[in-house]
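Written below as structure tokens is the structure these notes are about.
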Amino acid sequence: MSFWITTAALLAALSACGTPPPTVEGTPSAAIPAPSATAVSPTPGATGPVEPPATLPPGTIPAPAQRSPGTAPTTATTTAPPPPRPEPSAAATSSPATPATAARPGSAELSDPASVTVVVNKKRPLDPIDYFPSGLVLPAVPLAVQEPNALLRGDTAAAVQDLFAAAADDGVGLTLVSGYRSYQDQVSTYEHWVAQNGGDTAAADRISARAGFSEHQTGLAFDVGQDDGACTLSPCFADTAAGQWMAANAHRFGFILRYPDGAEGITGFSGESWHYRYVGLDVAEAMRAEGTVTLEEHFGLPAAPGY
């Protein structure tokens with residue numbers, strides 16, 4: 001399916017995810033076909049932290065191709081049919097615990113970057129600060145970003161595949177805009193937003209996480225878009241068919257909207273209707289039933305409006 005992404009539609013994009021606004025005029029671009037899920041394996045014999053394959057030159061802002069400064073959209077040339085719909089994952093088919101009996105994780109789980117319930121915010125940096133999640137894979141879904149920037153943890157990727165398939169069944173086309181981001185990528189991203197705001201770190205802090213404080217570094221978070229590019233990384237995404245479907249259904253697959261409007265005093269970030277976080281079915285269903293909209297409130301943690 002071809003779509004137009006215009007500069008005007010994306011200039012308002014301000015994201016704690018840290019994707020820069022576009023600087024090129026809209027160009028018709030074919031949607032990138034969904035690849036087969038691919039694991040990222042450590043290099044044999046490597047020691048120390050393991051990084052995924054080289055994704056970007058040093059200092060490059062990790063943005064989808066159609067929004068990278070000075071970069072024209074990439075047009076897919078392959079005619080291969082899309083992959084078959086994946087089988088539903090256990091995460092999306094198991095029966096969740098009822099809110100009344102769902103166990104609250106302990107403080108260790110809330111701090112462990114490998115835990116699905118880790119809480120990362122301006123008061124809770126990752127430990128280690130340059131944490132790299134193991135077992136990153138490429139989900140088999142339509143992408144609006146170069147493949148290395150769409151990696152997710154295995155459990156998150158499986159849930160994303162189920163979520164996208166369900167949306168497609170309902171006639172809603174989704175696209176994955178951004179996934180895992182390394183510590184160094186987040187350094188570049190944050191520095192970009194500081195520069196964009198004339199060196200004002202307070203302004204940058206409202207829309208971009210500092211390195212080591214970003215959910216994207218866990219492999220549990222992703223940015224979602226509508227397949228025609230409408231309102232990508234923009235507040236109006238909430239009013240699109242994709243945005244409304246996500247708001248109504250994401251919890252059924254273990255996802256929550258991480259930065260809702262009106263919660264900046266708790267999360268520290270302006271509302272982002274496109275940023276979803278995998279927390280597992282138990283937590284997502286419990287938050288939905290209880291009406292809590294932030295992880296901080298759900299787990300009884302202090303608000304994190306600033307560093």
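The values are calculated or read from the model by the stated rules, or taken from the named source; none is laboratory data. Everything quoted here is computed from the prediction, not taken from an experiment. Methodologically, a virtual Cβ is constructed for each residue, glycine included, from the backbone with ideal geometry; neighbour enumeration extends over all protein chains shown. These accessible areas exclude ligands, DNA and RNA; they are computed on the full protein's heavy atoms, side chains included. Shrake-Rupley method; radii C 1.70, N 1.55, O 1.52, S 1.80 Å.
Brief remarks on what is shown
- Each Lys or Arg adds one and each Asp or Glu subtracts one; over the other residues with Cβ under 11 Å from the Cβ of Ala248, this totals +1.
- Vicinal HN-Hα couplings computed from phi for segment 226-235 (Karplus, 6.51 cos²θ - 1.76 cosθ + 1.60; Hz; Gly/Pro x): 8, 5, 8, x, 5, 6, 4, 6, 10, x
- Sulfur and carbon atoms: percent of accessible area, segment 243-292 [1.4 Å]: 48 percent
- Taking all Cα pairs closer than 8 Å and separated by 6 or more residues, the relative contact order of segment 169-242 comes to 43 percent.
- Inter-label distance, Asp170 to Glu147: 3.0 nm, where each label sits 7 Å from its Cα along the C-beta direction.
- Cα-based shape type of segment 264-307, given that a ≥ b ≥ c are square roots of the gyration tensor eigenvalues and the cut on a/c is 1.5: oblate
- Cα shape, segment 198-307, gyration tensor, a/c 1.5 rule: oblate
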